[in-house]
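A.B. asks: Right, I'll just put the structure down here and ask away after.
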Amino acid sequence: MDIAAELALAKQAFEQLSALCDPAAITQWQANEFQRTTYVRLAETVIAAVDRLLVSESRHLYADGRIASIVPEHLLSYVRETLEPREADLWVALGHLDPEGQFLREIMQDVGRPMGLNGGIRRTFQHGIDQVVELIDRNPDIDFEGSLFPDAAYEFLDSKLIQFDPDSWLDRLSHLSPIRLGRPNLSFPSHLRFRLDEVYRAYAFGCWLSVLSLTRAVLEYALLDNASRLGFERESAPDRQGIRRTKRLVELVADYAVIIPSQREPMDRLRAMGNDYLHPKNTPDSKASLLDRGRQAQDAIALLCEVLEAVYLAGREGKTERSN
């Protein structure tokens, strides 16, 4: 089934089950057998659709480098604001209403999602090099110099600087989601796409400081890129010498907070995290934050996706979210 059709059915299913009982109140619900089986079926429909969307996005991101995902505009906000936030409640509801089926559901949840194999991918590379060594040893009359370099490959695998760990790289990719755009004809400019590719690669390879710095840079680029379209000045008013300068990020955030107020906090957090790592202070808090940089890098990418979705869809959805 087409993913858009499946999400539409999931929306309908969630509305139907919510009419029976709010998932958060499931433990107080006195359901008969028919209601129980109906609720389980509807909840499984919703979870399957959301998980299929996430797995599909994750696979395309990993295999094709597809940073943007097209979720139909009329479903985009419902998926983001209702289905995904309530999925955890649905899992709790299913565990309460159908505990015997929960184990199988949990096993099947991540099927198809790219993830590491407890060192199995690295071992595959290791065995491949071992086979090359055996090939060279079995064929002393063949000159493999210039075509096969097992010693250099062993050094690459064991390098403390490179930290060759493809299983962890793949695991990190499973944490990432693309940016969801509601229109097939909407695409990112090449300069933004280049920067986003760098952000995602840096996260996959565990370059946390690069992620935190780049997410701030991408935010600033995106706000400048959309300023004229949304009626903002990219430059500040002339100073005493009559010179106009490009607005600072804090000024751009203030401008955008007028038309997309829900993104004020995410934009402020991205700016603050980037500043903390670009301009570190010699304080205990600054030093302690280094120990938490992996989680903060993951948070920064999630925040960036949320902001970019809102910024690039602003003014294109037929209405603009303005603060009161």
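The values are calculated or read from the model by the stated rules, or taken from the named source; none is laboratory data. On a predicted model such as this, the values are computed, not experimentally measured, just so you know. Backbone-built Cβ (ideal geometry, glycine too); neighbour counts: all protein chains shown. Only protein heavy atoms, including side chains, enter the accessible area calculation; ligands, DNA and RNA are left aside. Shrake-Rupley method; radii C 1.70, N 1.55, O 1.52, S 1.80 Å.
A.B. asks: What are the residue pairs meeting all of these: first residue in the stretch 238-261, first residue in contact (Cβ under 8 Å) with a residue 40 or more places away in the chain and within 17 Å of Leu308 (Cα to Cα), second residue open to solvent by 40 Å² or more (accessible area, probe 1.4 Å) and in a loop (DSSP other than H, G, I, E, B), Cβ atoms under 6 Å, and 6 or more apart or on different chains?
C.D. replies: Listed by first residue and then by second, the contacts come to Ile259/Thr320; Ile259/Arg322; Ile260/Glu321; Pro261/Ser323.
A.B. asks: Return the pairs, sorted by first residue and then second, in which the second residue is of a type outside the set (A, V, I, L, M) and modelled with pLDDT of 95 or more, the first residue lies in the stretch 2-18 and is open to solvent by 50 Å² or more (accessible area, probe 1.4 Å), the beta carbons are less than 6 Å apart, and the residues are 6+ apart or on different chains.
C.D. replies: Close Cβ pairs satisfying both conditions: none exist.
A.B. asks: Of everything in the stretch 69-79, what is touching a Pro at 6+ places or on another chain (Cβ under 6 Å) and either in a helix (DSSP H, G or I) or of a type in the set (A, V, I, L, M) (or both)? Give them in sequence order.
C.D. replies: The one that is touching a Pro at 6+ places or on another chain (Cβ under 6 Å) and either in a helix (DSSP H, G or I) or of a type in the set (A, V, I, L, M) (or both): Ile70.
A.B. asks: Can we say Ala88 is at pLDDT below 85, exposed (fewer than 14 other Cβ atoms within 10 Å of the Cβ) and not in a strand (DSSP E or B)?
C.D. replies: no
A.B. asks: Ser58 is checked against (1) closer than 28 Å to Arg195 by Cα; (2) free of Cβ contacts under 8 Å to residues at least 12 places away in the same chain and fails just one. What number does that condition carry?
C.D. replies: Evaluating Ser58 over (1) closer than 28 Å to Arg195 by Cα; (2) free of Cβ contacts under 8 Å to residues at least 12 places away in the same chain leaves (2) as the failure.
A.B. asks: Can I ask one more? Residues of the stretch 289-304 being under 21 Å from Ser262 (Cβ atoms) and either aromatic (Phe, Trp, Tyr) or buried (at least 22 other Cβ atoms within 10 Å of the Cβ) (or both), which ones?
C.D. replies: Ala300, Ile301, Leu304 - these are the residues of the stretch 289-304 that are under 21 Å from Ser262 (Cβ atoms) and either aromatic (Phe, Trp, Tyr) or buried (at least 22 other Cβ atoms within 10 Å of the Cβ) (or both).
A.B. asks: Every residue in the stretch 192-235 that is open to solvent by 70 Å² or more (accessible area, probe 1.4 Å) and part of a helix (DSSP H, G or I), please.
C.D. replies: Arg193, Phe194, Arg195, Glu198, Arg201, Leu209
A.B. asks: State all residues of the stretch 19-49 that are open to solvent by 50 Å² or more (accessible area, probe 1.4 Å), more than 26 Å from Ser77 (Cα to Cα) and free of Cβ contacts under 8 Å to residues at least 24 places away in the same chain; if no residue qualifies, say none.
C.D. replies: Gln28, Gln30, Asn32, Glu33, Phe34, Gln35, Thr37
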